[in-house]
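Sharing a structure with you now.
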Amino acid sequence: MIAIYLYLAGMGAGSFVIGTLMGWLGVKLNPLPSLSLLGYTLNLSKVPVLWGPILVAIGAPFLILDLGIKWRFMYACLNPRTSWVARGFLILSTFIIFGLALFVKSILPLEWVHGESSLWRIPEIIAVFFALATAVYTGILLKATKSVPLWNTYVLPVLFLVSALSTGSMAIILSTLGTGLFSLDSAALRALMVAVQILVVIEGIVLYLYLSGRSRVSEQGRDSVHLLLLGEKKFFFWGGDILLGLVLPFVLVSIAVFSGGNMLLIFLSGLTLLCGGFFLRVGVLHAGIKEQIPMHRLMEIQYNAMVERTKALRGLKSGETREIQ
Amino acid sequence: MQEEKVLVVDQQKCTGCRLCELVCSVFHTGTSNPSRSRVKVVKWEDVGLYLPMACNHCEKPYCVEVCPTKACHREPENNNRVTIDKKLCIGCRTCIIACPFGHPFFDVQERVTVKCDFCDGDPQCVRFCDVKAISFTDAEKTNLTRKREAFLRYAESMKHIR
């Protein structure tokens, strides 16, 4: 549940940031066939670019489903002074409200909202800020657990942010595939694909720094990294994260860029990248091991001493029996 | 000023009978169900090692820091204990993940997180422990008691050597 939330929130926030930046940079979008609803003509051209808040709004209920008493979810904002769960509640709520408002504004042709007014830049900036905060927050939520060395680092929020931006960019490319939305500005699609490549490379570097740093921090950090790289979770890591999330998307997008935008290749690279983003979060969540406290260490020493003593006694007993025989 | 008391566990005395779990669950839930107890005895049966684990009511508790609803809070008027208000708890289990000792437990029947609250000043585990493996002593004298017992054990072992 938590992995699904982390994934949807990251991808939704990342795609909203990239989509809004495209708007600010003046990328021209092809008008899509309009749709009429209750006498209004809906403008659908920004839907594939600004649908991020919907993904986050879908992901947030997974957190509520994980609660013991679900109807009390509104209490979750009572302690923002120290709790990151409470801060996250406020960050996510603000992003969903502002993001959905901008999304609805881009669809509905209401004259009284003055959609072209430059004043709309203010809620856009607020929404982008909270979208970035949402993407970073998914990492900070785990970082707040100080007793798990694999999560307790500022590199994790950075890794999740980069992953959010790469999966978000890919979500935009996938949602515009076949619609001809970029036909007015095909350079924008090419730029987006190059951005995905760069983000994938950055993600690989940050992932290396993250894992190498964690493996040096403590015994449990090393065990967690070992679990991810060579242990039980190695299929999530090598197959899911490295192959699907980094290698295949990079190679396929590179071929697609040089082959003039092969749709099948872009589609495949998109799917693999989105799967990789999910496996990254599942792997990091499942590989977290709690720090060993001195009491555990003491028990370990006592246990080993007692095992040795039991072995010695057994050896003595078998020796005595042999003598009697 | 009221003296602050803490639970002290002497692991070497524990026989692993789990009576503490039983009386704790009866006191808090009205049922003899050790899975709902606030104290848990961790066992290494193959070597006869038993460790009763209860909340340490830490000086800087992570559970209080991460709780989003302030359900997990400190009560200076009650032995400075760290306790959970069941009416505020949403069952997010953040405190369980945050605690280095893995202490707060999720009660599957009440759907909230629960933890040791010193049984409102009269810990049942202490009252019923036959071998006195758990005691409820003044925080300031904890180390003294442990030191005294260690020296007594040392003196006892020296007698055998002689």
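A short reminder: the numbers here are calculations on the coordinates, not readings from a lab. Keep in mind it's a predicted model, so treat the numbers as computed, not measured. Reconstructed Cβ throughout: ideal geometry from the backbone, glycine too, with neighbour counts over all protein chains shown.
Can you classify the stretch A:2-295 as rounded, prolate or oblate using the Cα gyration tensor, where a ≥ b ≥ c are the square roots of its eigenvalues, rounded means a/c under 1.5, and otherwise it's prolate if a/b beats b/c and oblate if not? Mind dumping the intermediate values first?
Numbers: a/c = 2.41, a/b = 1.35, b/c = 1.78.
Oblate.
Using the count of nearby Cβ atoms within 10 Å as a rough guide to exposure, how do B:Val131, A:Val257 rank from fewest to most?
The fewest-first ordering by Cβ neighbours comes to B:Val131, A:Val257.
Identify the trypsin sites (Lys or Arg not before Pro) of the stretch B:1-101 meeting these criteria: DSSP loop state and at most 15 other C-beta atoms within 10 Å of the C-beta.
Sparse-neighbourhood loop trypsin sites (Lys or Arg not before Pro): B:Lys86, B:Lys87.
Something else about it: What distance in nm lies between label points placed 7 Å from Cα along the C-beta direction at B:Lys159 and B:Asp85?
About 5.4 nm separates the two model spin labels.
Could you please state, rounded to a whole Å, how far the C-alpha centre of the stretch A:242-313 is from the C-alpha centre of the stretch B:23-48?
When both Cα centres are located, 35 Å separates them.
Ranking A:Ser269, B:Ser35, A:Ser175 by Cβ neighbours within 10 Å, fewest first, what do you get?
Values: A:Ser269 27, B:Ser35 13, A:Ser175 17.
Lowest count first: B:Ser35, A:Ser175, A:Ser269.
Choose one of B:Val112, B:Gly48, B:Val82: the residue whose Cα lies farthest towards the positive end of the charge dipole of the stretch B:15-161 (beta-carbon charges +1 Lys, Arg; -1 Asp, Glu; about the Cα centre).
B:Gly48
Separate question: With the cut-off at 1.5 for a/c, could you classify the stretch A:249-307 from its C-alpha gyration tensor as rounded, prolate or oblate?
Cα axes put the stretch A:249-307 in the prolate bin.
Can you return the aspartates and glutamates within cross-link range of A:Lys146? Criterion is Cα-Cα under 18 Å, with same-chain partners fewer than 8 residues away left out.
A:Glu219, A:Asp223, A:Glu291, B:Glu59, B:Glu65
Would you kindly enumerate the cysteines in the protein assembly as shown that have no other Cys beta-carbon under 4.7 Å from their beta-carbon?
When partners are defined as cysteine Cβ atoms under 4.7 Å apart, the protein assembly as shown leaves A:Cys77, A:Cys275, B:Cys14, B:Cys17, B:Cys24, B:Cys58, B:Cys89, B:Cys92, B:Cys99, B:Cys119, B:Cys129 without one.
Going through the stretch A:187-234, which GluC sites (Glu not before Pro) have at most 11 other Cβ atoms within 10 Å and a DSSP loop state?
Filter output for the stretch A:187-234: A:Glu232.
Once both axes come from the Cα atoms, what is the angle between helix B:142-161 and the longest principal axis of chain B, in degrees from 0 to 90, rounded to 10?
Approximately 30 degrees, to the nearest ten.
For the protein assembly as shown, what is the mean residue ellipticity at 222 nm derived from helices alone (per DSSP H run of n ≥ 4: -39500 (n - 2.57); sum divided by total residues; nearest 500 deg cm²/dmol)?
On the way: 16 runs with 265 residues, N = 487.
Mean residue ellipticity, 222 nm, calculated: -18000 deg cm²/dmol.
Rounded to the nearest 10 degrees, what's the angle between the helix A:121-143 long axis and the longest principal axis of chain A, both from Cα atoms, 0 to 90?
10
In addition: Please list, in chain and number order, the residues 5+ apart from B:Val41 or on another chain whose amide H is under 5 Å from its amide H, with Hs placed from the backbone.
For B:Val41, whose amide H was placed from the backbone, the distant partners under 5 Å are B:Met53.
Let me ask something else. Would you mind working out the magnitude of the charge dipole of chain B relative to its Cα centre, with +1 at each Lys and Arg C-beta and -1 at each Asp and Glu C-beta, to the nearest 20 Debye?
On the way: 25 positive and 21 negative charges, 69 e Å.
In debye, rounded to 20, chain B gives about 320.
Counting only GluC sites (Glu not before Pro) that are in a DSSP loop and have at most 16 other C-beta atoms within 10 Å, tell me the longest site-free stretch of chain B.
B:5-58
Okay, moving on. Which angle between 0 and 90 degrees, to the nearest 10, do you get for helix A:155-176 versus the longest principal axis of chain A when only C-alpha atoms count?
40
Among A:Leu25, A:Ile58, A:Thr82, flag the residue with its Cα farthest along the positive direction of the charge dipole of chain A, charges on Cβ as +1 for Lys/Arg and -1 for Asp/Glu.
Projecting each Cα onto the dipole axis, the largest value belongs to A:Thr82.
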